[in-house]
Structure formats: C-alpha cells, structure tokens
Amino acid sequence: MRRRTPPPPAPLPQRDGVDPVRVRLPYGGAWATVREHLVERLTGAGPGVIASMFDDGLVVGADGRAVAPDAPYEPGMFVWFHRELPPEVPVPFPVDVLYQDAHIVVADKPHFLATTPRGSHVAQTALARLRHELGIPELTAAHRLDRLTAGLVLFTVRPEERGTYQTLFQDRRVRKEYEAIAPYDPALVLPRTVRSRIVKERGVQAALEVEGEPNAETYVELAGHRGGLARYRLVPATGQTHQLRVHLNALAVPILGDPLYPEVTGPVPAGDFRRPLQLLARRLEFTDPVTGREHAFVSGRVLRAWSSYGSWAEE
C-alpha cells in the first residue's frame, strides 16, 4: 500500500480570508504535463482558463515557484492556485465576536451568511470574514450553522487543536439551545421530545423523515405566545441537517421564513435579505477541553418576527 504523503504548507497566502486551491496529482493516468491534467480535471473553470493561468504563472508548486506550462506530470505532486471567485452580493450584516482567546473565537453570525466556504458562497462567509478582520489566517470552524440560521458559532485558532474541539460536538458534550418563531397551536402538547429518522439526499434541497431507527432528537418547549405566534425553545440532542426545521414542521408549526418546509418555494434571489428564517442559535455551553474553562455564551440577536412582526412581514 502506498503511504499517503501529508501535504506541505500552502506556498500562497490567503486572499480575502479564502485559502488557495490545493490539488494533488493522482497516481496513474497518461497525462504528459501538469497543465494537461488540470485542464482535463477542472473543466468547470471554463475553456482556456486553466491554460491561461499557467501562461500567467499563477499555478505554483510547493516551493512557491510557478509551474511551467510544459512541466512534466509527476504523480503525487501538489500544486496551488487562487481561483477567480464569482461576484458575491455582500451580506450587509456584521459578524459579532463575543469571545476570543488564544484557542477559540465565538462569533454571533447573522442570517444569510454561510459559516464556511461552500458552493457559490466563498468570500461572503463568516470564516473568511473573521480570518480577514481578526488577522487569523489559520482560523477554522469547529462546527457549522446553516446559512439561513443566525447565532453562535465556535471557531478554533490553532489547526492542531481543531480536532479536540470538534470532538466536543461529536461526543455531544456541547449544550446548544435554539429559539424559533412559528405559529401557535393551542392543541400542541408541550414540552415534548421529538425523535425521528431524518435523511438528506445529495442534490435534494429538503431533508425527509423516513421510517427506521431514530437518528434525530429535539426537546421542544413553549417559551411564550401572542397574536397567533409562539416562541419555541429547542434543545437538540443530535445534529442532523435541518433537524430543527424538520421537527417543527412535523409538529405542524413550521418556522417563519422557511423556504423549504413545509414546501420548497425556490431559492431566494441574491441580495434579497427580507424575512430571514426565524431560527436562532441562542446559547452555547461547554467545558473548554484545552483550558478547562467553563463557557456559556448567549446570542445578542433578536428574532424580529417576535419583537416586531409587522416590520418583519412587510420587508
């Protein structure tokens, strides 16, 4: 068995908080040059784009030097480059830093901002912004929060400690509490614990509840109601994709502003920041596995459908 060589450090700096793309050339194949392989491999970049990047010296090796257009193909070789990012509509809300030390950063993320680069959201992400604003290029996310959900996210400062903090979430040693605004149903018996099996298929926007052993569990409690709306306190014991949204929808009280549940209404146009999903990661509590410090954080954000339904609905 061929021993996998760990990648060397990136020879290119980040650009606006975004890492350069790293590609490892596979073993096998009949490519004569590095450029020939990347042109074939990265067809999504568009015709002529990769070839011109080689001509401009924008593809580099581990030593930081430009890879020549006719450089021979070397299996296992690493190359780096910065991709040209498509224009992104700026999310006009700040990422508030609630806490920072030598090991972690706890941020209060706004609605509409992705946690980490993914798909068409790259520079307009909480991670890229914080790397740039805080001057911490090695900052990474210990977990994720949906783009449409606001609230608390934990980031790690040191790459070698990331796994330690991720394990907190994997071992369910982090207490997370959410708040949601949804219709009020006086017949709905609360509090209760909802358990079901949730699956999320690749390429399908909405997750589904299916028969089988439960893999998702949420404690649901009524925190107040008025004017036909209710404020729900949600404590998830698991972290399935869209779990809270699926479970409230299953109780026939879908979260306000949800474009997927109870039915998919189509993507919101870029730049449309009206009527954000009324779901907030309100509290985050854990014992720091590195320092031993007890942490308890509370989001300062307010769900406007509860504080001022008229202004939320009329946007």
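The values are calculated or read from the model by the stated rules, or taken from the named source; none is laboratory data. What you see is a predicted model; the values in this text were computed from it and never measured. All Cβ positions, even for glycine, are placed from backbone atoms using ideal geometry, and neighbour counts span all protein chains on display. To get the accessible areas, we keep the full protein, side chains included, count just its heavy atoms, and leave off ligands, DNA and RNA. Shrake-Rupley method; radii C 1.70, N 1.55, O 1.52, S 1.80 Å.
Brief remarks follow.
- When the alpha carbon gyration tensor of region 218-315 is reduced to an equivalent ellipsoid, the three semi-axes, largest first, read 26, 16, 16 Å.
- At 1.567 mPa s and 4 °C, Stokes D of region 54-107 from Kirkwood alpha-carbon radius, µm² per second: 85
- At R0 = 22 Å, FRET efficiency that the Cβ-Cβ distance of residue 313 and residue 225 yields, to 0.05: 0.80
- Between region 30-96 and region 202-240, the alpha-carbon center distance in angstrom: 42
- Net charge of Cβ neighbours under 13 Å - reference residue 129; Lys, Arg +1; Asp, Glu -1: -3
- The apolar share of the surface of the chain, taken as the fraction of accessible area on carbon and sulfur atoms (1.4 Å probe, ligands and nucleic acids excluded), comes to 50 percent.
- Among residues other than residue 266 with Cβ under 13 Å from its Cβ, the summed charge is -3 (Lys and Arg +1, Asp and Glu -1).
- Region 139-246: trypsin sites (Lys or Arg not before Pro) in DSSP loop, at most 16 other beta carbons within 10 Å: 172, 173, 200, 202
- Full-extension gain in nm, residue 74 to residue 296, via 0.36 nm per residue minus C-alpha separation: 74.9 nm
- Cβ-Cβ distance of residue 170 and residue 250, R₀ of 30 Å, FRET efficiency by 1/(1 + (r/R0)^6): the value works out to about 0.75.
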